Amino acid sequence: MNRIERVSRRGFLGTAFGAGALVLGVQINEAEGATPAWMPSVYLGIEPNGTAVIVAHRSEMGTGIRTVLPMVVADELEADWKKVRIEQAIGDVKYGSQNTDGSCSIRDFYDAMRAAGATVRLMLEQSAAKKWNVPVSECKGQNHFVVHAKSGKKAGYGELVKVASTLPVPKKGEWTLKPESEFRYIGKEMPTMEQGDHTRGAGKFGIDAKMPGMLYASIERPPVLGAKLKSFDDAAAKQVKGVVRTATIDAFKPPHNFQALGGVAVLADSTWAAAQGRKKLKVEWDLGPNGSFDSAKDKAEIMAKAMQPGKVVRNIGDVDKAFGAATNLHEASYYIPLLSHAPMEPPAAVAEWKDGKVVTYAATQNPQAVQEAVASAMGIKKEDVTCHVTLLGGGFGRKSKPDYVCEAAMLSKTVGKPVKVVFSREDDIKFDFYHANAGMYMKAALDEKGRPTAWLHRSVFPSIGSTFDATAEYGQEFEMGMGWVDLPYAIANHRAENGPHKNHVRIGWMRAVAHIYHAFAIHSFVDELAAKAGRDRVEYILDLLGPDRKVPIEPVGMKYWNNDQGQDTYPVDTARLKRVVELVAEKSGWANKKPQKGRALGIAAHRSFLSYVAAVVEVVVDDRGRVTIPRVDIAIDAGRIINPERAKSQLEGAAVFGTSLAMMGEITAADGKIVQSNFNNYPVARMSEAPLVTHVHLVPSNALPAGIGEPGVPPIAPAITSAIFAATGKRVRELPIRKTKLV
């Protein structure tokens, strides 16, 4: 970590820039007496011994991104992978967006990483050309050397640094990218750089971070969102051995953003002492308006709203006229509950306030958000917040919300020492930014083949927008654009409506976000329509997609989000969605595995984060209604894939994650307070409940890179419920599945 800090203090050329932009700099002069390292790019430098230093500016939480982005740089640089060192960046706008969320790291930085490598390679080739007095066109970077084929001369990259550092940085158009035929790392399976550390238990996570003289904090937070502290008695807490003192944290001011919730902290010389002291606190709260929040009543309210007309967000044709003329209608309602991220490593950070500045080490998905949130909480400039990024033991979106870092910084200012905050599992479950619960109503008019001639989809959920706007009750454009307004089916009449709903807990994005509930409703409904028509599910889906085409998405009164990408570069392409359906059907043996009593296959196909995914899930339901999953097949077209091994790993993880959400995940509230507290009452899939085996099938593609980490999640739940229906005849319209009696 010290090395990362030293890199961050270099005087790079460049200021704030957009995602994927290339910022190139100048030679860096380090401390007097030190050998200078040549850093022509914020992402890449060469040391005099030839070591290529590649800066990883995104957070590593098991996705492999700290290996995959450097692979792209190293390939264009023509680096020897054994001579590459990867260093984790601190939070700094010069790197572009560092928010490791939204499955966009490769998409946003593939071109920038290639450009960085190609630029530095050209400068090394230019250096060699000067050294040998030959045309630069005759010099070529090859495996950490520049080679002059005509004379047989070659020079290592380290030998060329001194001259290269005096050259002007080439402009775009002066350097060229390698042809695909010369790729050495891109598209190849490679282990992650952390693999050795993980094997030895040497990886440093947020929960491992330490600072000299730090205290440990355990915080009694408001049990209800917006509750106010009335009084507290800390006398007994202070009697616990190891407890140093207590301190209060001011409650947030709406909107809550990523502010600390507030509460009373017990600070001690160990985690154990802090936790024991906290148990001795006597705290009284004014619960406020959310004190009456009850999840059962909230569900009823959501479902009632879903039955009423809402705000139209997409409208094609005349749905009401088609419904009026139809003789064959089908309708259904669906519900998913609030969900918790529950990463294996709960939120953790250590921070020190000193001389008006904050230094923090945090398990964070977004160090720039840490800078902004901590600066706001402390009343300082964000440039005065230094955020070192540790490894993350899972994130799923929770760790891009740095309330826990704010808590550590605020407490450090209060006590005058570094403070470490680690959420207990109970804290993690009870004080999450929950994935929204949602109620959806579907209705279709059907022709003689069971195809929809009209389609209505209403969706009601507390919006993530409430995080940033306390008055927000309708969905945001990005939530609407997640597998809902961009319905790809060939249906002449289609209307999507959104109903209002107020949040009573913190609502935040979680892996796959609104795709989770939209995919569950849409693909469950498609399965119902196929069953009603007596048609094979695969054949029905392919028919519903219609002719191969690029579907223009034109929402009503809003912009189509499309992951912030244009429809010209990332269109909704039904041919690609068909391809993954056909591929997963083939690989799973769909045609030859007919449903049996208690055993069947289910399928769902969904576009999310610009990728196309289809999943076939095999389920077995025993005579007690217990569900097991012998096999999952997932096919994905994510455009160009940099590291197939990491892509497969992400899809395998998505199958487990999606199974947990479908089978058992549910957060409930009574009297405003969250009921669940640990894995005993918020279970996640254990080995016996997770898919026994997952087969991942990657579609070879040279299309633009798209998402990998999240797209595997949305089709899992509807594929499971599809299979359950085929195996038992029981239709599941509400998650978690464990609430439905299957026999």
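We did not get these values from a lab; they are worked out from the coordinates using the rules stated. Keep in mind it's a predicted model, so treat the numbers as computed, not measured. Because the Cβ atoms are built from the backbone with ideal geometry, glycine has one as well, and the counts that use them run over all protein chains shown.
See the values below:
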read-out	value
Karplus (6.51, -1.76, 1.60) ³J(HN,Hα), θ = phi - 60°, over segment 409-415, in Hz, Gly and Pro reported as x	5, 5, 5, 4, 5, 5, 9
Taking the chain and dividing mean pair separation by its residue count, relative contact order in percent (alpha carbons under 8 Å, at least six apart)	13
GluC sites (Glu not before Pro) restricted to segment 128-197 and DSSP loop, no more than 13 other C-beta within 10 Å	E174, E189
In Hz, Karplus ³J(HN,Hα) per residue of segment 608-622 (6.51, -1.76, 1.60; θ = phi - 60°; x = Gly, Pro)	8, 6, 6, 10, 10, 9, 10, 10, 10, 10, 9, 10, 10, 10, 7
Whole-percent pair-distance distribution, where bins are 10 Å wide, for the alpha carbons of the chain	3, 14, 22, 23, 19, 12, 5, 1, 0
Set of aspartates and glutamates near K587 by C-alpha distance (under 19 Å), chain-local residues within fewer than 8 positions excluded	D536, E539, E618, D633, D637, E645, E652
Cut-off 15 Å between beta-carbons: net charge of the residues surrounding K153, Lys and Arg +1, Asp and Glu -1	+2
Considering only the chain, percent of DSSP beta bridges that pair antiparallel, nearest 5	75
Between segment 538-603 and segment 436-498, the alpha-carbon center distance in angstrom	17
Whole-Hz ³J(HN,Hα) from phi, Karplus 6.51 cos²θ - 1.76 cosθ + 1.60, for segment 586-594, glycine and proline x	5, 5, 7, x, 3, 4, 9, 10, 6
Partners for K305 among aspartates and glutamates (Cα-Cα distance below 16 Å; same-chain residues under 8 apart left out)	E331, E473, E497
Lysines with Cα under 27 Å of K449, excluding same-chain neighbours fewer than 8 positions away	K321, K532, K550, K578, K593, K594, K597, K730
Part-to-part distance (alpha-carbon centres) for segment 706-743 and segment 96-130, which is given in Å	41
Label-point separation in nm, V693 to S231, each point 7 Å along Cα→Cβ	6.6
Local net charge near G639, Cβ-Cβ under 12 Å (Lys/Arg +1, Asp/Glu -1)	+1
Long-range amide H partners of S270 with built H, under 5 Å	Y216
